[in-house]
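*Asks:* Below: one structure in structure tokens.
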Amino acid sequence: MDADLIIKNIGTLVTLKGPQSARGGSAQGEISVIKDAAVAVRGDRIIYVGTGSLPEDVTANDETLIIDANGKLVTPGLVDSHTHLVHGGSRENELSMKLKGAKYMEILSAGGGIHSTMRATRSMSKDELYLQARRSLDRMLSFGVTTVEGKSGYGIEDIETELKQLEVARRLNNEHAVDVVSTFMGAHAIPLIFRDDPEGFVQKIIKEMIPTVAKEKLAKFCDVFCEHGVFTIDQSRRILLEGRQWGLKPKIHADEIESIGGAELAAELGCVSADHLVGASDEGIMRMAESGVVANLLPGTSFNLQTGKHARARFMIEKGLPVAISTDYNPGSCPTENIQLVMSFASLILRMTPEEVLTAVTMNGAAALGLEREIGSIEVGKKADLVIFDSTNLEYVIYHFGINHTDMVIKDGRVAFSKKDC
Ligand code: IZC
Ligand code: ZN
């Protein structure tokens, strides 16, 4: 069979070959490496992965694009499985407030934080939001990201703005090389006008917002900010159960700031992922491992919040809980699209090995989006999403932090980013 694309002369190919499911425990560190490798692609699918000499049935013709990796590192395309991609404005004004000691939740309860992004997002047109998010998506792609999750949640009680965000995400998914998977997160903050009636807002989410989003087929997941001062365990449960009735799979922002039993709720509901988990209890972590929930950790956020508290990745991995890592890109608690920086944080702050980190941003990130059969590893039949790094080894990418190591990104079998074009 003629290949459309062949990458030859790969020094180190990290395939992540193995079961088509999230990897926990010691499997999180087993990444399956082939030295002196080649990959062949037809259409958007991988048709050969192995040593440099292609088998006889994989052939090239005049049209085949042959890329010489020059002995460098190739990995699966990276998956950023938790972001607030589509939003208006930015919140650099919070930096000086933070330096004076203001806490994230204090800024939020004073009507800033998420509320200020909500005002900015409401005031922008779809086209303006699209252009702002597209710049971020271009940056993510340049860092090696080929699939990204993006949440609504800056319309909050204003359903028009929620729909606007999700429609922008859908347009990006259609028009940009990077795949954008959408999550409805109306339950992102208690709107100021519902301050004295949070239950009224929960009812609005359940009765109006979830049905509308589901009928318009604008989201795959439903997410809730389950946190002291935002949505309680009981409210989160009811919202996520209603979402599930409508076909939206549950995700949860759990125990980010305080330990209130979010991890336990994630296990009870069988959430696809529970995210943050800085304060997750031992019991919650063990129950999540038993229920097949992916722990999606966001060390860029705990770094930026500067609370000195971080998710217990080592304990989670020891207990067999698969760990994913994401940027949490958002204008408040983690204003960066740089997943490679966050990978370094995962290693330096959460003490994950480079191999565990790579699994976290490929196969486990894919599983956090329910896409483990399509993406996340370099195997025959899977999508041809690949990154060529300007390094001969994985350790170097994690160790030399804060810069962009990407040479080239292949998305759906095509060159979507090349450093030499920059
Ligand atoms: O805009 O602050 N944590 N939601 C929950 C966020 C951070 C996004 C924001
Ligand atoms: Zn978030």
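*Asks:* FRET efficiency for Val33 and Lys103, Cβ-Cβ distance as r, R0 = 56 Å, nearest 0.05?
*Replies:* 0.85
*Asks:* Determine, from the Cβ-Cβ distance of Asn174 and Thr212 and an R0 of 25 Å, the FRET efficiency 1/(1 + (r/R0)^6), rounded to the nearest 0.05.
*Replies:* Numbers: r = 21 Å, r/R0 = 0.83.
The formula returns an efficiency of 0.75 here.
*Asks:* I've got another one for you. Highest GNM mean-square fluctuation, the chain, Cα pairs closer than 10 Å: which of His228, His188, His405?
*Replies:* Of His228, His188, His405, the Gaussian network model singles out His228 as fluctuating most.
*Asks:* Then there is this: Pulled fully out, how much extra length does the chain show between Lys419 and Glu258, if you take 0.36 nm times their separation in residues and subtract their Cα-Cα distance?
*Replies:* 53.8 nm
*Asks:* Springs between alpha-carbon atoms under 10 Å, Gaussian network over the chain: tell me which of Leu297, Leu240, Leu99 tops the mean-square fluctuations.
*Replies:* It is Leu99.
*Asks:* For the stretch 1-65, with every protein chain kept in place, what is the accessible area per residue (1.4 Å probe, Å²)? Don't skip to the end; give the middle numbers.
*Replies:* Values: 3160 Å² over 65 residues.
Heavy-atom SASA per residue in the stretch 1-65 reads 49 Å².
*Asks:* Considering only DSSP beta bridges where both residues belong to the stretch 212-349, give the percentage that are antiparallel (nearest 5).
*Replies:* Working: 1 of 16 bridges.
Antiparallel bridges make up about 5 percent of those DSSP assigns within the stretch 212-349.
*Asks:* Could I ask something else about it? Tell me the per residue accessible area of the stretch 276-349 using a 1.4 Å probe; a whole number in Å² is fine. Mind dumping the intermediate values first?
*Replies:* Numbers: 2360 Å² over 74 residues.
Averaged over the residues of the stretch 276-349, the accessible area is 32 Å².
*Asks:* For the stretch 186-272, report the accessible area per residue in Å² (1.4 Å probe, heavy atoms, rounded to an integer). Each step should come with its number before you reach the end.
*Replies:* Numbers: 3440 Å² over 87 residues.
Roughly 39 Å² per residue, with all protein chains present.
*Asks:* Treat the chain as a sphere of radius equal to its Kirkwood radius over Cα pairs and apply Stokes-Einstein at 4 °C in a medium of 1.567 mPa s; give the translational diffusion coefficient in µm²/s, rounded to a whole number.
*Replies:* In µm²/s, the coefficient rounds to 60.
*Asks:* So, one more: Output the peptides 107-115, 80-88 sorted from most to least packed, where packing is the average of other Cβ atoms within 10 Å over each peptide's residues.
*Replies:* Result, highest mean first: 80-88, 107-115.
*Asks:* Around Glu208, under 13 Å between beta carbons, what's the net of Lys plus Arg minus Asp minus Glu among the other residues?
*Replies:* Counting the neighbours of Glu208, the net charge comes to -3.
*Asks:* Return the subset of Lys151/Lys411; Lys251/Lys419; Lys220/Lys419; Lys126/Lys419; Lys103/Lys220; Lys220/Lys319 for which the Cα-Cα distance in this structure is over 25 Å, preserving the input order.
*Replies:* Those over the limit are Lys251/Lys419; Lys220/Lys419; Lys126/Lys419; Lys103/Lys220; Lys220/Lys319.
*Asks:* Go ahead and estimate [θ] at 222 nm for the chain from helices alone: -39,500 (n - 2.57) per DSSP H run with n ≥ 4, summed, over the residue count, rounded to 500.
*Replies:* Helix contribution divided over all residues of the chain: -9500 deg cm²/dmol.
*Asks:* Now, a different point. Percent relative contact order of the stretch 220-322, based on C-alpha pairs within less than 8 angstrom and at least six residues apart?
*Replies:* 21
*Asks:* Ok, one more. Once neighbouring chains are kept in place and the probe is 1.4 Å, which whole percent of the accessible area of the chain is contributed by carbon and sulfur?
*Replies:* With neighbouring chains kept in place, the figure for the chain is 51 percent.
*Asks:* Go ahead and set up a Gaussian network model of the chain, Cα springs under 10 Å, then flag whichever of Lys207, Lys411, Lys383 fluctuates most.
*Replies:* Maximum among the listed residues: Lys207.
*Asks:* Where both partners of a DSSP beta bridge lie in the chain, what percent of those bridges are antiparallel, to the nearest 5?
*Replies:* The antiparallel fraction comes to roughly 45 percent.
The values are calculated or read from the model by the stated rules, or taken from the named source; none is laboratory data. The model shown is predicted, which means the values in this text are computed figures rather than measured ones. Cβ coordinates were reconstructed from backbone atoms using ideal geometry, including for glycine residues, and neighbour counts include every protein chain displayed. When the accessible area is computed, the model is the full protein with side chains, heavy atoms only, and any ligands, DNA or RNA have been set aside. Shrake-Rupley method; radii C 1.70, N 1.55, O 1.52, S 1.80 Å.
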